[in-house]
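One structure is given below, represented as structure tokens, and several questions about it will come after.
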Amino acid sequence: MTRDSAFAPAFSPGWSRLKRPALAASCWLALPLGAVVVNLVALAHEVTSRALPLNDHVLHYGLVRRAAEAWAAGDSVLDHWVGDWVLGFPVFQYYQHLPHLAVAAVQRITGADALLLLRLTNVLAVALFPLAMFAALRWIDVPARAAALAALAASLLSTPDLFGFDVGSYLWRGRGLYTQAWGMCLLPLTIAAALRLMTSGRGVAVAAALLAGTLLTHVVHGWIAVVSALVLAFVVPADAGLPRRLGRLALALAGAGLAASYFLIPYVLNHAELNRSVAEPLFKYDSYGHGRVLKMLVTGQLLDAGRWPVLTVLLAVGIVVAARRRAPWDRALLALLATWLLLFFGRPTWGAALDWIPGAWSLHFHRLIVGVHLAAIPLIGIGLDAVAGAAGLVAARWRWSPAPAIATAVIVAIALAPAVVERAHYVDENRRMMAAAGAALAEREGDFTAVVTLLERLQTEAPARVYAGMPHEWGGRFVVGVVPMYALLSMRGLPTLGYSFHTMSATTDVMYWFDERRRDHYDVFNVGYVVAPAGQPLPEFVEVVATHGPFTVGRVRPIGYVALVQSLGSFTGSREHLYRASRLWLASPLPSVRRHPLLGGHVSAATVGSLTVALAAGELGRVVAEQTERQGWSATVSANQPAYALVKATYHPWWRAEVDGVRTDTVMLAPGFVAVPLSAGEHRLHIAYRPPRWKTLLAILGPLALLVLAATERRAVAVLDRALMPADARLAAWTRLRHNH
């Protein structure tokens, strides 16, 4: 008998079936259900408040709105151009989007307000997390009381804004991490399903569907789920040996890969277009290092910021209990906690070694606190269960039958009271701040509506971006209540330049160097309108159109999204080198004379191209007419000499251009825009973002593949197990030989 199989009798039966009847009948289910109800009541103001978002909910609302518009217009709802921020980008090609599509679908069916649906689903996801944690823990046979107590603790985490599972990551006064709220509920269930599959051989399709759903809901959570499953394959005992466990997991990963192939394949093909922003704080990519992480852990900052470290103490108790007991779930949770603490240390500890992990180059390692919280919550429940059980044993000596239950309840209440009080205060402060913000907006609603109405009318006359200041300058102080003006304008669907609600676009970092004092910069980025506080000094070329209360609307006669330019040479190199070259170009006089260097491909060493393109004298010509379309632009252009038609939107390989009805290749010109070469003469230009049709085909075939997998999984697992049994036997023999020596 191998060391693995010795644990199988106690472990495998509970994993051989999804124990829904036992779960429903358990009295301990009342605790997570009660936590859900309390969460819903406490967070109801998030749905009913009149305050508009000021955090990432601005981004998520815009994505829902654009998805619904693409759906209504017959464009690809899976991959479309989003021009609201950072000079445009196909966000859904690189970003988790399942929650947005779900909300857009409900909005299309019901006609309900998209912002209301966004807020409602955000609150539901946060509120349901205790129930999801309880279900996942019971699925892997964690004792019911420990699972229920872990569920109680799940909503009580507190961090100093570390992007973890604490409610501050999701609420109005916090980060607004909408997709993480969805992923937070899916992640524990996904890992439980993968673990159940590896130990029992059942549930391949369920595990594959959950893996794919988690990835499409939150990419980092999908990465965490895969790494966690691989770790558990090596540490958790079962009837099947390691080769068979890995084989079963590989089968689920293959199914998940097929289901999400419409997202994964384009992501890999066009990964070079995904920006790693130089403006992002370094800790986001690198995390904090072992010294700071361990200090935050022992001082309570990872679990109990701003209060007595009650959950941190319970975690320590849970670690001791799990290490001594070593039940299968104990080993799984301890392995996960160790893994994610080590990875959360990040690059300051591990350096370039992390680059060997697939997907690590562009990963925000500071977000791996999610893995730490994922493992810590069940161990907190185990620790609280041990403390409560000890209290019950002491009370049993009183020979009064209710005494153990009362003692247990009292100990749980005392242990969690500091966390409950602190979280209640946090939520109450959120309610107060939202009420104040809603009142401030209501006070200025008439003036703001007049501004938006004017801008919408001006957009019909001459489409252009709106500038409300840079966030690090006066734009950061230009607020209504506490909500920045650039956020309010984005909520109304106006294309803005200034704050970057995402940094995926390569033009993001160059955009930060927009100089509001230079007239040519307005032409480069097609900024046609300015909204500023009344009294804010504006450049003399900005024409004041109207003043509504404390808001001034200015206009800079926009020249349009399409312009004729020439190239004076080329730059080739890494993305960082191209950014630096574009930044230097933007600071030079060249933009004012419409000279835009070509930006080449990515090579290992940066080289500066020689000025091989002769600059022609005289006028280049003009854009006779321009029309903004759903996914691009059309224009009639009269060129006096060979030139480029520059479209002031971020370059991407999936732009499709036609000149006089003939397909024409596109190029990238500084500062990272798409351009089309033209010969002298008058031309009809049409350019649109068009994902290939095979992407839609993959999106249809993916769910069908899961259905096929569900119908054939037993046979597939049996065939796979038979094929891997010899490897199991060889590994078991080698293990025995090594043990004997």
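Rounded to the nearest 500, what is the 222 nm mean residue ellipticity of the chain from helices alone, with -39500 (n - 2.57) per DSSP H run of 4+ residues and division by all residues? Don't skip to the end; give the middle numbers.
Details: 27 runs with 399 residues, N = 741.
That comes out to -17500 deg cm²/dmol.
Which FRET efficiency value, to the nearest 0.05, is calculated for Ala711 and Gln536 with the Förster distance at 56 angstrom and r the Cβ-Cβ distance? Write down the numbers at each step before the final one.
Values: r = 65 Å, r/R0 = 1.16.
Plugging the Cβ-Cβ distance into 1/(1 + (r/R0)^6) gives 0.30.
Most exposed first by the Cβ proxy, i.e. fewest other Cβ within 10 Å, how do Thr214, Thr547 rank? Could you put the intermediate results ahead of the total?
Details: Thr214 30, Thr547 16.
Lowest count first: Thr547, Thr214.
So if I restrict to the alpha-carbon atoms in the range 425-466, what is the Rg, and what is Dmax, the biggest pairwise distance, in Å?
Reported Rg and Dmax, both Å: 15.9, 49.
For Leu590 and Glu280 in the same chain, what is the full-extension length gain: residue separation times 0.36 nm, less their Cα-Cα distance, in nm?
On the way: separation 310, 0.36 × 310 = 111.60 nm, distance 2.79 nm.
Difference between extended and current length: 108.8 nm.
With charges set only on the Cβ (+1 for Lys and Arg, -1 for Asp and Glu), what does the dipole of the range 59-131 come to about its Cα centre, in debye to the nearest 20?
Numbers: 4 positive and 5 negative charges, 34 e Å.
Dipole of the range 59-131, to the nearest 20 debye: 160 debye.
Roughly how many debye, to the nearest 20, is the charge dipole of the range 5-428 about its Cα centre, given +1 on each Lys and Arg Cβ, -1 on each Asp and Glu Cβ, and no other charges? The partial results should precede the final answer.
Numbers: 31 positive and 20 negative charges, 271 e Å.
Roughly 1300 debye for the range 5-428.
Okay, moving on. Taking every DSSP beta bridge with both residues inside the range 461-559, roughly what % is antiparallel (nearest 5)?
Numbers: 12 of 17 bridges.
Looking only at bridges with both residues in the range 461-559, the antiparallel portion is about 70 percent.
With 10 angstrom as the radius, rank Ser679, Ser638, Ser158 by how many other C-beta atoms surround their C-beta, starting from the fewest.
Working: Ser679 11, Ser638 15, Ser158 23.
If I rank by nearby Cβ atoms, fewest first, I get Ser679, Ser638, Ser158.
Output the relative contact order of the range 157-273, whole-number percent, from Cα pairs under 8 angstrom with separation of 6+ residues.
Details: 129 pairs, mean separation 27.9, N = 117.
Once normalised by length, the contact order is 24 percent.
Just report the Cα centroid separation between the range 283-359 and the range 169-210, whole Å.
Each part reduced to its Cα centre gives a spacing of 19 Å.
Just the number: Rg to Rh for the range 60-150, Cα atoms, Kirkwood Rh, two decimals. Intermediate values should be presented prior to the final figure.
Details: Rg = 17.4 Å, Rh = 15.1 Å.
Radius of gyration over Kirkwood radius for the range 60-150 works out to 1.15.
Could you work out how far the C-alpha centroid of the range 374-431 sits from that of the range 505-549, in angstrom?
56 Å
If you build the Cα gyration tensor of the range 5-428 and take the root of 5 times each eigenvalue, what three semi-axes come out, in whole angstrom, biggest first?
34, 26, 22
Thr552's amide H: which non-local residues (gap 5+, or another chain) put their own amide H closer than 5 Å, with H modeled 1.01 Å from N in plane and none for Pro or chain starts?
Amide H to amide H, under 5 Å and 5 or more residues apart or across chains, Thr552 pairs with Ala532, Ala534.
Using modelled backbone amide H atoms (1.01 Å from N, in-plane), which distant-in-sequence or interchain residues come within less than 5 Å of Val544's amide H?
Counting only residues 5 or more places away or on other chains, the set is Arg555.
Follow-up. Just to confirm a number: summing +1 for Lys and Arg and -1 for Asp and Glu over residues other than Asn275 whose beta-carbon lies under 11 angstrom from that of Asn275, what do you get? Before the final figure, lay out the partial values.
Numbers: positive: Arg276, Arg575; negative: Glu273, Glu280, Asp509, Glu576.
Once all neighbours under 11 Å are counted, the net charge is -2.
Same structure again: Which order results if Met133, Met491 are arranged by neighbouring Cβ count within 10 Å, fewest first?
Details: Met133 31, Met491 19.
So the ranking, lowest neighbour count to highest, is Met491, Met133.
Taking a cut-off of 21 Å, what percent of all Cα-Cα pairs in the range 461-559 are separated by more than that?
Everything past 21 Å amounts to 26 percent.
Among Leu118, Ile265, Leu195, which residue has its Cα furthest toward the positive end of the charge dipole of the chain, with +1 on Lys/Arg Cβ and -1 on Asp/Glu Cβ?
Of the candidates, Leu195 comes out farthest on the positive side.
Considering only Met133, Ala240, Gly291, whose Cα is most displaced toward the positive end of the charge dipole of the chain, charges sitting on Cβ of Lys, Arg (+1) and Asp, Glu (-1)?
Checked the options; the winner is Ala240.
Right, another one. Just for the Cα atoms in the range 563-691, what are the lengths along the principal axes, largest first, rounded to whole Å?
Principal-axis extents of the Cα atoms in the range 563-691, largest first: 38, 38, 22 Å.
Find out how many positive minus negative residues lie around Gly528, taking Lys and Arg as positive, Asp and Glu as negative, among other residues whose Cβ is under 9 Å from that of Gly528. If you can, show how the numbers build up before the last one.
Numbers: positive: Arg465, Arg555, Arg557; negative: none.
Taking every Cβ under 9 Å from that of Gly528, the sum is +3.
Placing +1 at every Lys and Arg Cβ and -1 at every Asp and Glu Cβ, with all other atoms neutral, what dipole size does the chain have around its Cα centre, in debye to the nearest 20? Show your work: numbers first, answer last.
Numbers: 64 positive and 46 negative charges, 523 e Å.
So the magnitude is around 2520 debye.
Over the Cα atoms of the range 129-249, how large are the radius of gyration and the largest Cα-Cα distance (Dmax), in Å?
15.1, 49
If you take the charge dipole of the chain about its Cα centre, with +1 on Lys and Arg Cβ and -1 on Asp and Glu Cβ, which of Pro358, Leu497, Leu455 is farthest toward its positive end?
Pro358
What are the ³J(HN,Hα) values, in whole Hz, obtained from phi via the Karplus relation 6.51 cos²θ - 1.76 cosθ + 1.60 with θ = phi - 60°, for each residue of the range 506-517 in sequence order, with x given for Gly and Pro?
Values per residue, Gly and Pro as x: 5, 7, 4, 5, 5, 4, 4, 9, 4, 10, 5, 8 Hz.
Can you name the helices of the chain, as whole DSSP H runs, whose Cα span along the helix axis is 27 Å or more and whose Kyte-Doolittle mean is not below -0.5? Before the final figure, lay out the partial values.
Values: long enough: 114-139 (35 Å, 1.74); 178-200 (34 Å, 0.95); 369-396 (39 Å, 1.93); 403-443 (57 Å, 0.81); 693-740 (59 Å, 0.43).
Span-like helices in the chain: 114-139, 178-200, 369-396, 403-443, 693-740.
Run the numbers on the range 461-559 and let me know its relative contact order in percent, using alpha-carbon pairs under 8 Å that are six or more apart. Kindly include the intermediate steps, with their values, before the conclusion.
Numbers: 145 pairs, mean separation 28.3, N = 99.
It rounds to 29 percent for the range 461-559.
Given the chain, what percent of its DSSP beta bridges are antiparallel, to the nearest 5?
Within the chain, antiparallel bridges account for around 85 percent of the total.
Can you give me the P(r) profile for the range 175-217? Cα pairs, bins 10 angstrom wide beginning at 0, each as a whole percent.
With 10 Å bins starting at 0, P(r) equals 32, 45, 18, 4.
Rule-based calculations on the coordinates, nothing more; no lab input. This structure is a prediction, so every number in the text was calculated from the model and none was measured. Using ideal geometry, Cβ is built from the backbone for each residue, glycine included, and neighbour counts are taken over all protein chains shown.
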